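The structure under discussion appears below in the form of structure tokens.
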Amino acid sequence: MDKKKNVFTIIAETRIIHILLSILLGFAVGAFFLLIMGLDVGAAYGRLISSVTSVKGFSYVVVYSIPYIMTGLSVAFSFRTGIFNIGSEGQFVMGSMAAACIGILLGQLPSAILIPLCFLGAMVVGAVWGIIVGFLKNKWGINEVLSMIMFNWIAFYLSNFIAGIPAIHSDGTAEATKNISENASTLLSKELIADLGLCPTANWGILVALLMTIIAWLIIDKTTLGYRLKAVGFNKTAAEYGGINVSRSILTALAISGALAGLGGALQLMGMGSRISVFSSQEGYGFAGIVVALMGCSNPFGAFFAGIFYGALIYGGSKLNLVGAPTQLINVIVGTVVLFIAISVIFQRLKYVHINKKPKAAAVQSVKEGDDK
Amino acid sequence: MAKEYIDMNTPVIEMRDIVKKFGDFTANDGINLTVHKGEIHAILGENGAGKSTLMNQLYGLLKPTSGQILVNGKPIEMNNPRDAIAAGIGMVHQHFMLIQPFTVTENIVLGTEPTKGVALDMVTARKNVEEISQRYGLAIDPDARIEDISVGMQQRVEILKALYRGADILILDEPTSSLTPQEIEELIVIMRSLTKDGKSIIIITHKLKEIKAAADFCTIIRQGKYIDTVDVEKVSENELASMMVGRNVTFTVDKPEQEPGEVVLDVKDLHCNDYRDVEIVKGLNLQVRRGEIVGIAGIDGNGQTELVEVITGLRKGTSGQIFVNGADVFNKPPRFGFDHGVSSIPADRQKHGLILDFSIEDNLILQNYEEQPYSKNHFFNRNAIFEHATESIESYDIRPQHSERRTAGTLSGGNQQKVIIAREVQNDKDLLIAVNPTRGLDVGAIEYVHKYIVEQRNKGKAVLLVSFELDEIMSLSDIIDVIFDGKIVASVPGKDANENDLGLLMAGGKVNG
């Protein structure tokens, strides 16, 4: 049957091609704006590519991408279980702050204990941040999207408040927390970084992100837990009819999603930031997670690669001003990509356009396809 | 049967040798259809036979791969429904296309609203709607909101909507699938009066009884192929059924006499409220024993839906007791009932019965996914699940074959029901509750479903059958309990029941003697 499908049908039916097309269109629109500004498209995109393909550049990309992978996983997990976790922003912030508190207050502990403790603390706090929202939804039917947005702000101010507590606050003049103990750092050793020519913040957080990607995939696709969560996500009433406890499933899904975002906060802190500044605005890791999840087709591995792609855009984008292009170009590209993913049904329409308007061409095309094989 | 309004010399629709292909699949393979002025023409075929595809071409939603469509004798090419509407064709879909919070008037004039300058002229709109409703004898309340009126009324609104746009040819897709018997009768009267006005009507259906009652001619389609067009008066229901499925169909079920055993389901003085918190089940008593089918006959809205919801644990009762095999399942979660012997074929297969986005194989283990061999230590054994699905697909004749990993949503209604039946029967519980198990199914599938229900009874299971189809209740039940106003008002042995008495009891009347 596949043999007879023409190229348009394949495009119309393959989700990953929609995503790649969207990305392509994003860059096309970016190029359009570069042209309007009278800038050299080749130079700008060339710079973008060259800055992320060197060893050092790519190590930056990987480091940048860790938090995006984690929030992307968090949102993707929630999508698959029928919830829209727009609250991964707050869960990320809370997880980050939990890791910071542990990393500062228990800094004497050896790494082998302190690091897992930071991870665990961040995951628990992120999970709790998700569970509260789930509880509000189950108990009083409060729309989770609304309460999550509010909880993002609660997390924002709570984080700023905690950063101001004397035991946590920096001893210097910086409006930030103290630095976390070196024992809590996930940075690679200085020698290794120098030998390999990596960026100074190169850390092994990416391995944790990869591990979490695999775990999320296992849960969703291979376990009874994932079955239960998906069943509730797809059809609450049928799941209930089938004997699944719906309220508990929603809480579980939010807890896992929140834990992933929370861990993302810890990984970012322990690998890159080493302290948390007093925010003046939301950092947007959680919101970027939505973009990453969308680009990754709500699939954990998709989110992993989309996270790296996003990290590359952010890092590469920061180098654009070297060729005179505004770094905001990246926002244009990302925005366009998301827009096209959101309306990717238009790619599915390709099939119909083709059949209706050029039936003969379609026949020829499909014969050709057949011959090729 | 009245054919006096038909003008056999004036064909209004002629579809000639229509072929419609979707890739490799031929949905319509050389279909001919002629409809005359003032005629009610039924299109009969099993689920997936290509009826809707044919009508979608007539309504401009699809273009034929080859073939010709003539409207009022002139060849016509339709690119979209607007062209069809312009040609005087109106369609009422099975699932109504109405805006729930809007009023009847607003829905009818939608898209062709009368205006005063830039403002809507709702006064004129309302007047127009009243006028057209009177002209065709379709009484409606123009100011009622769609969400507040019954399904039968909503259908009237759909018909009026088509008439308002000047339709002379009405296509009704499965018009009776969600109507009560009374509403069906009313619909038939309405269709008749419309043909008197020179309208032509095409009904897509698989209900033989209604074809016999309403249609003048009937075109039968089987697996995309044109079988025949017959004069409905001259064929029997059985003949229609065989033409439709391509083999002989038996309507009678093989049900040997047997003595019922001990009580499995015992409902005592049950009370519960409906979604508005108004009491709807008002002290109901019910027993079902091993090896018998108890049918609940009643008009929709008398508490039967809520009764089943309480038994299966989806709704909380206010008071009473429910025992299944001696265990009190009253106000326990669904899982508790399941573990104590309740299985059920729910009324709404897409809402309660299946997870449409899940594959067939995953739907088949909805209650057993945590048991071996399907999973061990929380990890699935995909091979076992797949094998289980393969076996079920084979022994329950789920089509298409090899559909283990296809999502349930891609199956036809009849096959979705087979998936549920396969699951619930294989759960092998002592009590089977079936609610409208054949709603929307064609005769082939109905025969099949009935066979399995009776088989469960013969195997010594207790079966509670709730159905709005009186025929179904009468042909399957050992005992018929009539429900009215939240109570069982009468209990008659199935073999002694007659339609008139049951009808009276269902309406709250009394039967003499």
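Every number here is computed from the coordinates shown, using simple stated rules; none is lab data. Since the model is a prediction, treat every value here as computed from it, not as a measurement. We place every Cβ from the backbone using ideal geometry, glycine too, and count neighbours over all the protein chains shown.
Against chain A, whose longest principal axis comes from its Cα atoms, helix A:144-164 is set at around 40 degrees. Summarising the amide proton neighbourhood of B:THR10: residues at separation of 5 or more, or on other chains, whose placed amide H is nearer than 5 Å comprise B:LYS37. Taken as Cα centroids, region B:47-105 and region A:158-180 sit 68 Å apart, rounded to the nearest whole angstrom.
Overall form of region A:76-197: prolate. Here a/c, set by the Cα gyration tensor axes a ≥ b ≥ c, is 1.5 or more, and a/b is the larger of a/b and b/c. Taking amide H positions as modeled 1.01 Å from N, with prolines and chain starts lacking one, the residues under 5 Å from B:ALA297 and 5 or more places away or on another chain are B:ASP481, B:VAL482, B:ILE483. Annotation: amide H of B:ARG315 within the under-5 Å range of B:VAL310, sequence separation 5 or more or interchain, hydrogens built in the peptide plane.
Rg and Dmax over the alpha-carbon atoms of region B:7-245 stand at 17.9, 59 Å.
Taking the Cα centre of the protein assembly as shown as origin and charging only Cβ (+1 Lys, Arg; -1 Asp, Glu), how large is the dipole, in debye to the nearest 20?
Details: 80 positive and 91 negative charges, 548 e Å.
That gives a dipole near 2640 debye.
Sparse packing (at most 15 other Cβ atoms within 10 Å of the Cβ) combined with a DSSP loop state is found for the following chymotrypsin sites (Phe, Trp or Tyr not before Pro) in region B:196-305: B:PHE251, B:TYR275.
Comparing chain B with the 2.2 N^0.38 Å rule of thumb, its C-alpha radius of gyration ratio is 1.04 (two decimals). For the Cα atoms of chain B, what angle does the longest principal axis make with the long axis of helix B:181-196, in degrees from 0 to 90, nearest 10? Rounded to the nearest ten degrees, it is 10. Take every Cα-Cα pair in chain A and report what % of them are more than 35 Å apart. That tail contains 32 percent of the Cα-Cα pairs.
Using only alpha-carbon positions in the protein assembly as shown, the gyration tensor eigenvalues give semi-axes of 57, 37, 26 Å once each is multiplied by 5 and square-rooted (largest first). Over the C-alpha trace of region B:363-424, radius of gyration and Dmax come out as 11.5, 35 angstrom. Among beta bridges identified by DSSP and lying wholly in the protein assembly as shown, the antiparallel ones come to about 60 percent.
Annotation for region B:226-305 versus region A:275-340: alpha-carbon center distance of 58 Å.
Taking the square roots of five times each eigenvalue of the Cα gyration tensor of region B:314-469, the equivalent ellipsoid has semi-axes of 25, 21, 14 Å, listed largest first. Sorting the segments A:185-192, A:251-258, A:325-332, A:228-235 by their residues' average number of neighbouring beta-carbon atoms within 10 angstrom, most packed first, yields A:251-258, A:228-235, A:325-332, A:185-192. Using only the alpha-carbon atoms, how far is helix A:329-342 inclined from the longest principal axis of chain A? Give it as 0 to 90 degrees, nearest 10. Taking Cα atoms only, the helix is inclined about 60 degrees.
Among the listed pairs A:LYS137/B:LYS461; B:LYS51/B:LYS487; B:LYS209/B:LYS451; B:LYS316/B:LYS495; B:LYS20/B:LYS207, give every one whose C-alpha distance is greater than 30 Å. Violating the 30 Å limit, Cα to Cα: A:LYS137/B:LYS461; B:LYS51/B:LYS487; B:LYS316/B:LYS495. Per-residue mean of foreign Cβ neighbours for A:212-224 is 2 (Cβ atoms of other chains, 10 Å radius). Restricting region B:462-511 to trypsin sites (Lys or Arg not before Pro) that sit in a DSSP loop and have at most 12 other Cβ atoms within 10 Å of their own Cβ leaves B:LYS510. Candidate cross-link partners of B:LYS116 among the lysines, defined by an alpha-carbon separation under 23 Å and a same-chain spacing of 8 or more, comprise B:LYS127, B:LYS161. Antiparallel as a % of all DSSP beta bridges within chain B, to the nearest 5? Antiparallel: roughly 60 percent of the beta bridges in chain B.
Note on B:347-354: average number of Cβ atoms from other chains within 10 Å of each residue's Cβ is 4.
Okay, helix-only estimate at 222 nm for chain B: each DSSP H run of n ≥ 4 adds -39500 (n - 2.57), divide by all residues, round to 500 deg cm²/dmol; what do you get?
The per-residue figure over chain B is -9000 deg cm²/dmol.
Normalised by 2.2 N^0.38 Å, where N is the number of residues, the C-alpha radius of gyration of region A:237-333 stands at 1.43.
Shielding of peptide B:361-374 by partners, expressed as the average count of other chain Cβ atoms within 10 Å per residue Cβ, is 3. For chain B, a crude dipole built from +1 on the beta carbon of Lys and Arg and -1 on the beta carbon of Asp and Glu, taken about the Cα centre, is about 900 debye to the nearest 20.
DSSP bridge analysis restricted to region B:7-245 gives an antiparallel fraction near 60%, rounded to the nearest 5.
Rounded to the nearest whole Hz, the Karplus-based 3J(HN,Hα) values (6.51 cos²θ - 1.76 cosθ + 1.60, θ = phi - 60°) of region B:346-363 follow the sequence x, 5, 9, 5, 7, 8, 9, x, 10, 9, 4, 7, 8, 6, 4, 4, 6, 5, with x at glycine and proline.
Over chain B, what is the mean sequence separation of C-alpha contacts under 8 Å (at least six apart), divided by residue count, expressed as relative contact order in percent?
15
For region B:412-472, the set of trypsin sites (Lys or Arg not before Pro) satisfying both a DSSP loop assignment and a count of at most 13 other C-beta atoms within 10 Å is given as B:LYS459. Cα extents for region B:1-70 along the principal axes, largest to smallest and rounded to whole angstrom: 44, 24, 18.
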